[in-house]
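Here the structure comes first, spelled out in structure tokens, and everything after it is commentary.
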Amino acid sequence: MRLEILGVEGMPEINAGDDLAGLIAEAADLADGDVVVVTQKIVSKAEGAMVAVDPDDPQSHKPVVEQESVRVLRRRGHLIISETKHGFVCANAGVDRSNVDADQAALLPDDPDRSARRIRDGIRAKAGVEVSVIVSDTFGRPWRRGVADVAIGSAGVRPILDLRGTEDTTGRELQVTEVAIVDELAAAAELVMGKAENIPVAVIRGIDPTWLGPGSIQADLIRSPAEDLFR
């Protein structure tokens, strides 16, 4: 298998109410089977998921973090690790002040899976191609330093590649292996988007067609409390 990951340049500054799918269709050379990875930040901007904060107070977004959290797991200094209404466990409930105006903070989209479906449907209508869409965001990882992009919403690509029941190279049957394929694609796309290059969209071409299909991040990828060994 050979994958191509293409950063989409030329995207304008996104504002509330913009036709994000139309702008992506104009800027990207898309083909059937492509996976379009879109950063959470521009989805939140287009959907108006922004709040006003004090540009002179770097902690003025903390009350917003409290409002966006359904449960706070840990606090250390100004850092809050909390659970969002989506079921995501992340820093500051996903409230982010990077790559936005100094007097604004971005919230997570209300329903990232729905956001992905809207973008996919809009691209189909505008460009006449059948693509899949991943909405990505940057999360930290417990017990590991650094951050990586993960999928917070998806449409048209299966969140989990279930390999249970298949055989490894030695012929042993795999018992527990489930690959979070959407997270791997989101992380791969971030390599060409970066954090400061103003490339908020990437196209991944050449994925295995068996990875495509229905699914939901919230329904398929979020671990249920009964399976959670750490909370």
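The values are calculated or read from the model by the stated rules, or taken from the named source; none is laboratory data. Remember, predicted model here, so these are calculated numbers, not experimental data. Glycine also receives a Cβ, built like all others from the backbone with ideal geometry; neighbour counts cover every protein chain displayed. With ligands, DNA and RNA removed, areas are computed over all heavy atoms of the protein, side chains included. Shrake-Rupley method; radii C 1.70, N 1.55, O 1.52, S 1.80 Å.
Projecting the Cα atoms of LEU3, VAL65, GLY128 onto the dipole axis of the chain, where Lys and Arg carry +1 and Asp and Glu carry -1 at the beta carbon, places VAL65 farthest toward the positive end.
Ordering ALA27, ILE81, ILE207 by the projection of their Cα atoms onto the charge dipole of the chain, which places +1 on the Cβ of Lys and Arg and -1 on the Cβ of Asp and Glu, puts ILE81 at the extreme positive end. Considering only chymotrypsin sites (Phe, Trp or Tyr not before Pro) in DSSP loops that have at most 11 other Cβ atoms within 10 Å, the longest stretch of the chain without any of them is 1-142. In order along the stretch 13-22, phi translates into HN-Hα couplings of 5, 8, 10, 4, x, 5, 7, 4, 4, x Hz, rounded to whole numbers, per the Karplus curve 6.51 cos²θ - 1.76 cosθ + 1.60 with θ = phi - 60° and x for Gly and Pro.
Enumerate by residue number the trypsin sites (Lys or Arg not before Pro) in the stretch 1-56 meeting two conditions: DSSP loop (anything except H, G, I, E, B), and at most 12 other Cβ atoms within 10 Å of the site's Cβ. Those satisfying the criteria are ARG2. Extension gain for the segment GLU197 to LEU174, taken as residue separation times 0.36 nm less the Cα-Cα distance, is 4.2 nm to one decimal. The charge dipole of the stretch 1-82, taken about its Cα centre with unit charges on the Cβ atoms of Lys, Arg (+1), Asp and Glu (-1) only, comes to about 800 debye. Placing unit charges on each Cβ (+1 for Lys and Arg, -1 for Asp and Glu) gives the stretch 128-203 a dipole about its Cα centre, and among GLY140, ALA187, THR166 the Cα reaching farthest toward its positive end belongs to GLY140. Charge tally for PRO55 (other residues, Cβ to Cβ under 14 Å; Lys, Arg +1; Asp, Glu -1): -4. Here the accessible area is traced with a 1.4 Å probe on the protein chains. For the chain, carbon and sulfur cover 49 percent of it. Here the Debye sum runs over all C-alpha atoms of the stretch 75-231 as equal scatterers in vacuum, and log10 of I(q)/I(0) at q = 0.11, 0.12 Å⁻¹ comes out as -0.51, -0.61. For the stretch 8-83, the Cα-based Rg and Dmax, in that order, read 17.0, 48 Å.
Overall, the chain carries a charge dipole of about 720 debye about its Cα centre when +1 sits on the Cβ of Lys and Arg and -1 on the Cβ of Asp and Glu, all other atoms neutral.
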